[in-house]
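This report concerns only the one structure given below.
The values are calculated or read from the model by the stated rules, or taken from the named source; none is laboratory data. Here the structure is a predicted model, which is why all the values come from computation and not from measurement. Cβ sites come from the backbone with ideal geometry, for glycine too, and all protein chains shown count toward neighbours. SASA here: full protein model, heavy atoms, side chains in, ligands and nucleic acids out. Shrake-Rupley method; radii C 1.70, N 1.55, O 1.52, S 1.80 Å.
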Amino acid sequence: MAAAAGQQWVLVEMVQAFYEAPAYHLILEGILILWIIRLLFSKTYKLQERSDLTLKEKEELIEEWQPEPLVPPVPKDHPALNYNIVSGPPTHIITVNGKECINFASFNFLGLLDNEKVKCAAQASLKKYGVGTCGPRGFYGTFDVHLELEERLAKFMRTEEAIIYSYGFATIASAIPAYSKRGDIVFVDEAACFAIQKGLQASRSNIKLFKHNDMADLERLLKEQETEDQKNPRKARVTRRFIVVEGLYMNTGDICPLPELIKLKYKYKVRIFLEESLSFGVLGEHGRGITEHFGINIDDIDLISANMENSLASIGGFCCGRSFIIDHQRLSGQGYCFSASLPPLLAAAAIEALNIMEDNPDIFQTLRAKCEHIHKALQGISGLKVVGESFSPALHLQLEESCGSRENDVKLLKRVVDYCMNSGVALTQACYLEKEEKCLPPPSIRVVITVEQTEQELDKAASLLKEAAQSVLN
């Protein structure tokens with residue numbers, strides 16, 4: 001009896017609640033009940049009417065079907081499919097497609113690629129260790145020569161520690177995502193090289209581009225972020241902020257205004273990553289790069305990276321900085337952890353190249369003088385303008401006026417390059433992955449200067465470029 005009375009009382013309460021409920025509540029519940037009933041009694045799919053095909057009709061349809069192309073069509077005259085073939089060492093005299101030319105294309109800034117001491121060190125290492133390593137650093141890929149090179153680089157750069165990678169491009173592309181993660185903020189110059197761009201992409205951070213070398217624009221972005229942080233201080237406490245720049249920009253030949261960047265770093269509490277592949281072994285009294293060039297304490301830079309494929313004439317790259325920063329890359333630098341380590345013969349070659357740099361500090365002044373010489377000689381070419389610092393070993397020649405389309409500009413510059421090649425001067429066009437670049441640089445001819453080039457050869461190249469421009473552009 002008690003149980004029956006309890007059930008009756010619950011039913012009364014339900015009826016009472018039904019009458020007291022607002023009208024919109026009842027309408028919503030009614031709609032939900034009707035929808036549930038419809039789902040219960042309706043079919044989940046309908047059988048589509050189709051006509052059975054004969055075997056012959058099926059075979060005809062299969063023959064007619066064409067799959068979508070795996071990759072977009074590439075014309076046979078695309079530059080990537082029609083490359084120049086080099087025979088012999090690419091020193092300041094290079095043999096391209098069987099023709100001997102003065103080399104203004106290879107990044108052999110200090111002329112160490114064919115240096116006898118460097119080659120002897122590589123040969124001795126080859127006999128001792130063999131060709132490669134066949135394993136990453138964490139799996140029997142660490143050789144004593146790797147540790148020696150890291151120690152020498154740290155000592156040369158006057159930092160606590162250094163780490164080497166087996167591929168130059170992967171160095172900064174691995175270093176950035178090792179520190180900057182999803183939700184972090186990276187302020188980056190819009191002229192940053194492609195390796196930096198891939199590192200930013202891998203980091204999945206919030207990327208904010210500032211105008212090339214425009215510190216006012218960078219400070220504007222930093223102020224905007226400071227305002228955002230004040231609105232959400234809890235989030236701001238766990239968000240890391242970085243500025244990523246190059247010492248000498250690969251795409252423009254410009255130097256970054258590092259002293260101003262240091263001021264902004266401390267004013268807005270951000271970290272600076274400095275990519276020095278073009279400035280290492282070039283700038284500064286001893287070739288230590290842009291920090292030595294400006295007389296800035298290297299401890300003001302959180303991380304420095306550079307490849308060893310330019311001034312050191314080897315392969316791979318390195319990062320240097322404080323020990324706790326570098327050690328983190330040994331655990332999370334993808335190019336370090338998952339790639340086979342640098343072949344010992346290339347590490348030995350890089351060590352010998354460092355020896356030569358330390359023993360011959362005058363070499364940097366020689367390179368600078370030659371850069372300034374050709375920079376001056378290239379001024380006033382009809383139809384072309386020189387882009388880059390006078391002391392940059394990689395200059396760009398761009399069209400003063402576009403032909404109307406990028407494709408036509410590229411073809412026109414190629415005719416200038418071919419004209420020079422046929423006359424014994426090897427140049428190259430700056431190449432980009434046009435669909436991948438964040439801010440695509442204008443087409444250009446790249447002129448690379450090395451210590452091996454004589455003043456006569458520099459003058460010949462400048463004179464030939466003026467002649468080619470006169471013939472092709474006018």
Inset, instruction - Set Lys and Arg Cβ to +1 and Asp and Glu Cβ to -1, take the dipole of the chain about its Cα centre, and tell me which of GLY30, PHE139, CYS371 lies farthest positive. - result: GLY30
Legend entry - Cβ-placed point charges (K, R +1; D, E -1), dipole of the chain about Cα centre in debye, nearest 20: 900 debye
Legend entry - the chain - mean residue ellipticity at 222 nm from DSSP helices (-39,500 (n - 2.57) per run, n ≥ 4, rounded to 500): -14500 deg cm²/dmol
Inset, instruction - Taking the Cβ of PHE242 as the centre, find all other residues whose Cβ is under 9 Å away and add up their charges (Lys, Arg: +1; Asp, Glu: -1). - result: +1
Inset, instruction - Express the accessible area of region 362-473 per residue in Å², computed with a 1.4 Å probe while the remaining protein chains stay in the model. - result: 47 Å²
Inset, instruction - Would you mind checking the tilt of helix 168-179 against the longest principal axis of the Cα atoms of the chain, expressed as 0 to 90 degrees and rounded to 10? - result: 40 degrees
Inset, instruction - Quick one: grab the alpha carbon gyration tensor of region 316-474, order the square roots of its eigenvalues as a ≥ b ≥ c, and give me rounded if a/c is under 1.5, else prolate or oblate depending on whether a/b is larger than b/c. - result: oblate
Legend entry - Computed FRET value (nearest 0.05) for GLU434 with ARG38, which takes r as the C-beta separation and R₀ as 51 Å: 0.45
Inset, instruction - Could you tell me how many degrees, from 0 to 90 and to the nearest 10, lie between the Cα long axis of helix 215-231 and the main elongation axis, the longest principal axis, of the Cα atoms of the chain? - result: 30 degrees
Legend entry - Charge tally in the Cβ shell below 12 Å around ILE102, where Lys, Arg are +1 and Asp, Glu are -1, ILE102 excluded: -2
Legend entry - Counting DSSP beta bridges with both ends in region 116-359, the antiparallel % (nearest 5): 35 percent
Inset, instruction - Determine the sum of side-chain charges near ASP254: Lys and Arg each +1, Asp and Glu each -1, restricted to other residues whose C-beta is under 11 angstrom from that of ASP254. - result: -3
Inset, instruction - State, in angstrom, two size descriptors of region 245-359 derived from its alpha carbons: Rg to one decimal place and Dmax to the nearest whole number. - result: 14.8, 45
Legend entry - For region 116-359, convex hull volume per residue from C-alpha positions, Å³: 111 Å³
Inset, instruction - Please work out the C-alpha center-to-center distance from region 322-361 to region 219-290 and express it in whole Å. - result: 23 Å
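Greater than 31 Å separation of Cα atoms is the criterion. Which listed pairs, LYS211/LYS235; LYS263/LYS370; LYS267/LYS438; LYS411/LYS438, meet it?
On the way: LYS211/LYS235 27 Å; LYS263/LYS370 33 Å; LYS267/LYS438 28 Å; LYS411/LYS438 23 Å.
Violating the 31 Å Cα-Cα cut-off are LYS263/LYS370.
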Legend entry - Where only alpha carbons of the chain are counted, the Rg and the Dmax (Å): 31.4, 118
Legend entry - Accessible area per residue in Å² at 1.4 Å probe, computed on region 116-359: 43 Å²
Inset, instruction - Mind giving me the nanometre distance, one decimal, between the label points for TYR19 and ASP299, set 7 Å out from Cα along Cα→Cβ? - result: 8.3 nm
Inset, instruction - Mind checking the full-extension length gain between LYS128 and GLU372? Use 0.36 nm per residue of separation minus the Cα-Cα distance, one decimal, nm. - result: 83.6 nm
Legend entry - Carbon/sulfur fraction of accessible area - the chain, other protein chains in place, 1.4 Å, %: 55 percent
Legend entry - Antiparallel DSSP beta bridges within the chain, as percent of all bridges there, nearest 5: 60 percent
Legend entry - Calculated from backbone phi, Karplus (6.51, -1.76, 1.60) coupling profile of region 394-411 in Hz, x at Gly/Pro: 10, 9, 10, 10, 10, 5, 5, 9, 6, 7, x, 8, 5, 4, 5, 4, 4, 5
Legend entry - Cα long-axis angle, helix 362-377 against the chain (0 to 90 degrees, to the nearest 10): 90 degrees
